[in-house]
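The values are calculated or read from the model by the stated rules, or taken from the named source; none is laboratory data. This one's a predicted model, so the numbers in the text were calculated from it and none came from an experiment. Glycine also receives a Cβ, built like all others from the backbone with ideal geometry; neighbour counts cover every protein chain displayed.
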Amino acid sequence: MNSVVTDIAGIKTGTRFYDRQDIQRNFVHPLTNGSAEATLLLGSIRCGGCVNKLQKAIRPLPGVDRFDINYTTHRARLVWDAALTPISAIFDAIQESGFDAQPFTPGAREQALKKENRQALRRLGIAGIGSMQVMMLAAGGYFADGQMSLGVEQLLRWSSLLVTSVIVFFAGQHFIANAVTALRGRRLSMDVPVALAITAAYLASAFNTLAGHGETYFESVSMFIFFLLTGRYLELRARMRAGRHVDNLARAVPQMAHRVNDGSVETLRAEELVHGDRVLVKPGETIPADGELLSSMAFIDESMLTGESLTVERQTGQLLYAGTVNGGDPLEITVTRCGDNTRLSAIRQLAQRAETARPAVTTITDRIAGYFVAGVLLATTLIGIGWYLIDPARAFDIALATLVVSCPCALSLATPAALTAATGRLSEMGLLISSGETLEKLARVRQLLFDKTGTLTQGEPKISQTIPLANLDEQQCHQIAAALERSSAHPLAKAFMDFATPELIATEVKSVAGSGISGMVNGTEYRIGNALFVTDFAGLAADAAQTSRFSTNRGTTPLWLARPGALLGFFELEDGLREDAAGTVNQLQQSGVKTGLLSGDDSELVANIAGQLEITEALGNLQPEQKLDALHRWQQNGPTGMVGDGMNDAAILAGADLAIAMGNGADLSKLQADAVLLNNRLSVLPNAMVLAHRCQSIMHQNLTWALLYNAIALPLAATGMIRPWMAALGMSASSLLVVLNALRLNRNRAQKPAEVNP
Amino acid sequence: MNSLYLLIPLGLIQVAGAIWIFIWAINRGQYEDLDGPGTEFLRDEWDANLPGPTGRATNPPEGD
């Protein structure tokens, strides 16, 4: 399939192919507002300048809403209205600008990366082995110190020329091709001075070899190419590593599924499944679509989605997700969401969107690097002319050293390498970044607010105590309560679901927000809810005293069941804290992050939870607007982050400086959060903040180093104190240093509660 | 000194050989998965009696 697409992409008229619905299904996702989103994989993107040029060419097209290119992953996110512009027209426009594009599918990316990796390795190998040989020959020349016979000297020079030619034409040609592409697009990329230096030094050396006298620079050229390629290769590896998580997600859905049709089992392609299909999943197989469990019990390995390796138990009626693995007996599901609507697919799209979003700082450094290159070329010319007037013999040497030493490679690599490494590391930790600015925000936020239900607590309340108060037993109380709560979406309702029986059906169910539910069961009206709601209805004002008997302050939610004239039962529901909640809050506070708790639940309950977690500022009984007001008050003291489940606190998340949503919460595809905690593990947060800080400081170090290096090296080279070989070494070592510094982020050091303060 | 006329060309041939071997290894996919083959024998499908590592099945030699 992919090969077909690529083959046809080569022919201009062939882009029509992409307008076909069945082809688009693989890479175009319709959005709710009528437009569509597609991810494209771009070839021949070589620098920040290419990105700007292509964006300028595509964005003005009619119907194009967004076109964001990520330089690091070579992907573009396109949001456009297909009614105004067919996608083939966009492909054509990209080709006319001198780039090639193909639909991004996991296979295409993998193939492209594999090819790139092999090419990079081949260049690196040739340059590495070859430059060793050239250095050896050069060393022979140094030690002979003029004692060599003319014949031997010629032999050394010609051998060096031969090996260097191989290096320049097979490995260095990469830089020259990049520079030519950039110049054709009327841009100055960092490859321009590199290519110029390689060409000039090589041609001068070759000329002098042919002429039989004069200086040669073979060892400088080959070493320069080798070290630069090493830096580029390390950057490529970091990029591959960062994309690995997304690639794995994309691969998680199986190709085939087993559909159950009236007793017979049919094997078909997973894409052909539709809503409502019954699917059989054998032990060890991956679930092909989201669906409700039909079997009585299942053990599921959800590690692909959450990173949690322990299998979880699921009961009939619970949702199983595509991409998770059946860790127990054969099971059956009814498909509820399939294809691009699954949760897995939503996660993948979030991750892709994050990859295509470029933080402002990267764009700025790219633009600076462009001006810098222009400055370098101008300075080299002036210095060359100057020295030609003073001492023509040294002019070429010095101009070459200036050109090489001041090339802003380190500057261009300073931020993207660090950002790529940090984003990859965070997704390994289970925090999925969904916008380019998230890392910066994570490092800036000094105050963090938490929602309670589903965030600090597990969000799955359980009945911890039941006291029958009338002639019904415990089981009957539970069943009536379950009948009433059945249609409720309230989190507390889940606690009763295990007791639901088909015999008891509640009718005329009315729910009163913040109070409870009323309904008719077997001809009797029942109410379940808080004390006031229930006693009021039962006409038991006098019993208010009785209800207070049971009131607890152990961090549980009390509920009463009643019918007219009598209280039937008392339930105590407990929503346990997440295991790592206390540790996380403690770790955050120790590292100087102020924490707070905002909740719509009962104040007493909230105070109790806050007490257990040692959060001093906790507010309960808040309506959504009040939560937002509270957030604004916090924001007056500085940037404030909010952690919530994304379901009933969407507005507050939108208002916060940093919004983090729990992965078990909302529909991920509609989520507007900066980051999603896929594994629901709060303890990731402090580590993520530490990592974000390290990323910021590494970017600063890199930028400082790059600028400082140039500031020192340029005057030294201009005054003739640096030989071309020293320049080649200094410049390539400098960009290697920047990449290696960024790769430190990949190392697993964020375990201990480190100081977050910068 | 005259030995150099033989040794330097010999060195060059050696370099050509080294590059050729390296490129051959890359094209065989030997640098694509540096961690996987080490755990290969733990897989259920692994059979010590089969010729060659089963890892070859996932990294078929390709000449591109």
Heads up, the strands (runs of 3 or more DSSP E) in segment A:208-298 (entirely inside) with at least 1 residues that are surrounded by 22 or more Cβ atoms within 10 Å (Cβ to Cβ) are A:256-261, A:278-281, A:290-293
Checked segment B:1-14 for anything more than 7 Å from chain A (Cβ to nearest Cβ) and among the aromatic types (Phe, Trp, Tyr); matches are none
Based on what the data block shows, is A:ALA171 hydrophobic (A, V, I, L, M, F, W, C), farther than 22 Å from A:ILE126 by Cα and either in the same structural domain as A:SER220 (by TED's automatic domain parsing) or in contact with a Pro (Cβ under 8 Å, 6 or more places away or on another chain) (or both)?
no
Being among the charged types (D, E, K, R), in contact (Cβ under 8 Å) with a residue 60 or more places away in the chain and in the same structural domain as A:GLY720 (by TED's automatic domain parsing), is that true of even one residue in segment A:395-402?
yes
For A:LEU183, indicate whether it is at pLDDT below 90, part of a helix (DSSP H, G or I) and not polar (S, T, N, Q).
yes
Does segment A:431-489 hold any residues that are among the basic types (Lys, Arg) and out of contact with any Ser or Thr (no Cβ under 7 Å at 6 or more places or on another chain), and which are they?
A:LYS441, A:ARG444, A:ARG446, A:LYS462, A:ARG486
Residue list for segment B:15-29, restricted to those being out of contact with any helix residue (DSSP H, G or I) (no Cβ under 9 Å at 6 or more places or on another chain) and either crowded, with 16+ Cβ neighbours inside 10 Å or at the interface with another protein chain (Cβ under 7 Å from one of its Cβ atoms) (or both):
none
Can you name the condition, by its number, that A:GLN612 falls short on among (1) assigned by TED's automatic domain parsing to the domain that holds A:LYS441; (2) in contact (Cβ under 8 Å) with a residue 60 or more places away in the chain; (3) part of a helix (DSSP H, G or I)?
(2)
Which of the following residues is over 22 Å from A:ARG723 (Cα atoms) and either touching a residue at least 12 places away in the same chain (Cβ under 8 Å) or within 37 Å of the chain's Cα centre (by Cα) (or both): A:ILE176, A:ILE167?
A:ILE176
Look through A:THR402, A:THR423, A:THR415 and report the one residue that is in a helix (DSSP H, G or I), under 27 Å from A:ALA351 (Cα atoms) and out of contact with any Asp or Glu (no Cβ under 8 Å at 6 or more places or on another chain).
A:THR415
Lone unmet requirement of (1) touching a Pro at 6+ places or on another chain (Cβ under 7 Å); (2) crowded, with 19+ Cβ neighbours inside 10 Å for A:ALA661
(1)
Return the residue satisfying two criteria in turn: it lies in segment A:157-169 and is surrounded by fewer than 24 Cβ atoms within 10 Å (Cβ to Cβ) and within 9 Å of chain B (Cβ to nearest Cβ), and of such residues it is farthest from A:ALA211 (Cα to Cα).
A:VAL166
Step by step: first the residues of segment A:452-484, then only those that are of a type in the set (Gly, Ala, Ser) and part of a loop (DSSP other than H, G, I, E, B), then the one that is nearest to A:MET520 (Cα to Cα). Which residue is that?
A:ALA470
Restricted to segment A:88-134, and to residues that are basic (Lys, Arg) and buried (at least 17 other Cβ atoms within 10 Å of the Cβ), which residue is farthest from the other protein chains (Cβ to nearest Cβ)?
A:ARG109
State which residue is modelled with the lowest pLDDT when the search covers only segment B:31-54 and only residues that are surrounded by 13 or more Cβ atoms within 10 Å (Cβ to Cβ) and more than 10 Å from every other protein chain (Cβ to nearest Cβ).
B:THR54
In segment A:1-31, residue surrounded by the most Cβ atoms within 10 Å (Cβ to Cβ) [restricted to those that are of a type in the set (Val, Ile, Thr) and at pLDDT below 70]:
A:VAL5
